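**Student:** Here it is, the structure in full.
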Amino acid sequence: MRVVAVAVVLLGLGALGVVGAGSLAQAPPPPPPPPPVTTAPPPVATTPTATALAQPVAPAGPSRALGQPWHGKLVNGVELPEVSADWLTWDPVLKQIPNRPERRFGTAKLIATLRRVLAAFHAAHPELPQVLIGDLSRPHGGIFDMRYGGLGHASHQNGLDADVYYPRADHRLLAAYKPDLIDHALAQELLDRFVAAGAQYVFIGTRTGLRGPRKVVQVIAHHNDHMHVRIYPPRG
Ligand SMILES: [Zn+2]
């Protein structure tokens, strides 16, 4: 928009200059035209509101999860907004809110599942702070290992995986670094809600004491501060 506006102004000045030179013979010569604009003006910094951030950016077409979570790609991924009334995103490498955009893309179905579950959880517990969501996938999926910081992920490659941090008993907006910090009742409820929402798997840590249907809820290493939710691929 700024480029167009500048161009219009330049055209206007040029037209005035021609008119002045032709119709007023005694008038002093018009001032030299301003130098041509050769570079675009810097982008205008915007500060979107939380409401705007909560709106998904529409992908070019339906999201697709190609390949496998541990060897795949994401087509037409959707960016999880960095904050909303129901969640905040957490950067597991820099250990801060929000997570970087290039770490929070998923299939539209994954984003919708997170929205639905976390909105319902927040509605049931309006007094609690938002739930922290960690890494999803990269914008086009693919390898997301330790080259991207921290321990990295063996999976998280095709937009079906999301790390969701256990609610803390002290309500602080940090990962629960030790199992003692987890509010186990709330964490169990959040897990149950993802299971009810149709998650294919929810991976939990060895020391969380959480439970669920054995086919879905599985105990693995490195999940004592977050649950890893994997959904089934979208159909089609
Ligand atoms: Zn994970």
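A short reminder: the numbers here are calculations on the coordinates, not readings from a lab. Everything numeric in this text was worked out from a predicted model, so none of it was measured. Every residue, glycine among them, receives a Cβ derived from its backbone with ideal geometry; neighbour counts consider all protein chains shown.
**Student:** Mind giving me the nanometre distance, one decimal, between the label points for R211 and R193, set 7 Å out from Cα along Cα→Cβ?
**Tutor:** Placing both labels 7 Å beyond Cα along the Cβ direction yields 2.1 nm.
**Student:** Check the straight Cα-Cα distances from K109 and name the lysines below 18 Å, setting aside those fewer than 8 residues away within the same chain.
**Tutor:** K73
**Student:** Let me ask something else. Label points 7 Å out from Cα along the Cβ direction at L94 and H222: separation in nm?
**Tutor:** A separation of 2.1 nm, rounded to one decimal place.
**Student:** Any idea what the dipole of region 103-155 comes to, in debye rounded to 20, about its Cα centre with Lys/Arg Cβ at +1 and Asp/Glu Cβ at -1?
**Tutor:** My answer is approximately 220 debye.
**Student:** Of H222, L114, Y201, which is farthest towards the positive pole of region 50-230's charge dipole, taken about the Cα centre with +1 and -1 on the beta-carbons of Lys, Arg and Asp, Glu respectively?
**Tutor:** Y201
**Student:** Listing D86, D145, D163, D170 from the residue with the fewest other Cβ atoms within 10 Å to the one with the most, what is the order?
**Tutor:** D170, D145, D86, D163
**Student:** Could you work out the local net charge near A120, counting Lys and Arg as +1, Asp and Glu as -1, over the other residues with Cβ closer than 12 Å to its Cβ?
**Tutor:** Here the charged neighbours net out to 0.
**Student:** A follow-up question, please. I need W70, W90 ordered by Cβ neighbour count within 10 Å, fewest first.
**Tutor:** W70, W90
**Student:** Roughly what % of DSSP beta bridges within region 50-230 run antiparallel, to the nearest 5?
**Tutor:** Antiparallel bridges: around 80 percent, rounded to the nearest 5.
**Student:** Pull up the cross-link candidates among the aspartates and glutamates for K95, meaning alpha carbon to alpha carbon under 13 Å and not fewer than 8 places away within one chain.
**Tutor:** D135, D225
**Student:** Now for a separate question. Could you please rank H153, H171, placing first whichever residue has the fewest other Cβ atoms within 10 Å of its Cβ?
**Tutor:** By the 10 Å Cβ count, ascending: H171, H153.
**Student:** Sticking with this one: Could you work out the local net charge near Q68, counting Lys and Arg as +1, Asp and Glu as -1, over the other residues with Cβ closer than 14 Å to its Cβ?
**Tutor:** +2
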